[in-house]
Amino acid sequence: MGLARAGVGAHHTCRRVVAKLRWQIHLQTTNYTGADGRHASTRQTVHALKSVKRYEVRWANLDPTSGAEMAKTRPVVIVSLDALNDRLQTITVCPLTVQLHPTWRSRLPVRVARKSADVAVDQIRTISKARLGERLGMLTAAQAD
């Protein structure tokens, strides 16, 4: 007995099926490339989208850009709240740069993966989680404050 024939919300069931199919098509057509340039599987992509935490440092593909925005694939610090990271497909990040400017008030010095870098707070932006690559580390509590 079909759902429509039984009168059990066929319209809503149909909408759920269409939404599920769209999500499956999205996963199959996502062209996710890790920081090393190799293609990641769909399972890796979905896992990467779910496990994003605040103050984590990850590789991110920031291209394409416009104007004076920081470009290329570079490390970023995730600054959006974990509650938002769990529910949205976008995250707010600040890129890292190794061009140190200790006198600039919009740059915060940090040490990540045994390298000195500046968090470019003046370059804050929101990106899709699909742009994220490999996890590099986490800021310490002292660096995050």
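Scanning segment 55-64 turns up no residue that is aliphatic (A, V, I, L, M), in contact (Cβ under 8 Å) with a residue 60 or more places away in the chain and in a helix (DSSP H, G or I). The set of residues from segment 50-72 being farther than 22 Å from residue 106 by Cβ and either in contact with a Gly (Cβ under 8 Å, 6 or more places away or on another chain) or aliphatic (A, V, I, L, M) (or both) comprises 52, 59, 61. Candidates in segment 66-76 are the residues that are part of a loop (DSSP other than H, G, I, E, B) and touching a strand residue (DSSP E or B) at 6+ places or on another chain (Cβ under 9 Å); of these, the one that is surrounded by the most Cβ atoms within 10 Å (Cβ to Cβ) is 70. Being part of a helix (DSSP H, G or I), of a type in the set (A, V, I, L, M) and out of contact with any His (no Cβ under 7 Å at 6 or more places or on another chain) is a property that holds for residue 83.
Of all the residues in segment 87-115, those that are touching a residue at least 24 places away in the same chain (Cβ under 8 Å) and of a type outside the set (A, V, I, L, M) number 7.
Is it the case that residue 126 is among the polar types (S, T, N, Q), free of Cβ contacts under 8 Å to residues at least 60 places away in the same chain and either assigned to a helix (DSSP H, G or I) or more than 18 Å from residue 59 (Cα to Cα) (or both)?
When the stated conditions are applied, residue 126 does not pass them.
With surrounded by 12 or more Cβ atoms within 10 Å (Cβ to Cβ) and at pLDDT 90 or above as the only criterion, which of 79, 112, 46, 98 stands out? Testing whether each residue is surrounded by 12 or more Cβ atoms within 10 Å (Cβ to Cβ) and at pLDDT 90 or above leaves just 79. Only a single item in (1) assigned to a loop (DSSP other than H, G, I, E, B); (2) in contact with a Ser or Thr (Cβ under 8 Å, 6 or more places away or on another chain) is not met by residue 91, and it is number (1).
The values are calculated or read from the model by the stated rules, or taken from the named source; none is laboratory data. Being a predicted model, the structure only gives us computed values, none of them experimental. Don't worry about glycine lacking a Cβ; one is built from the backbone with ideal geometry, like all the others, and counts go over all protein chains shown.
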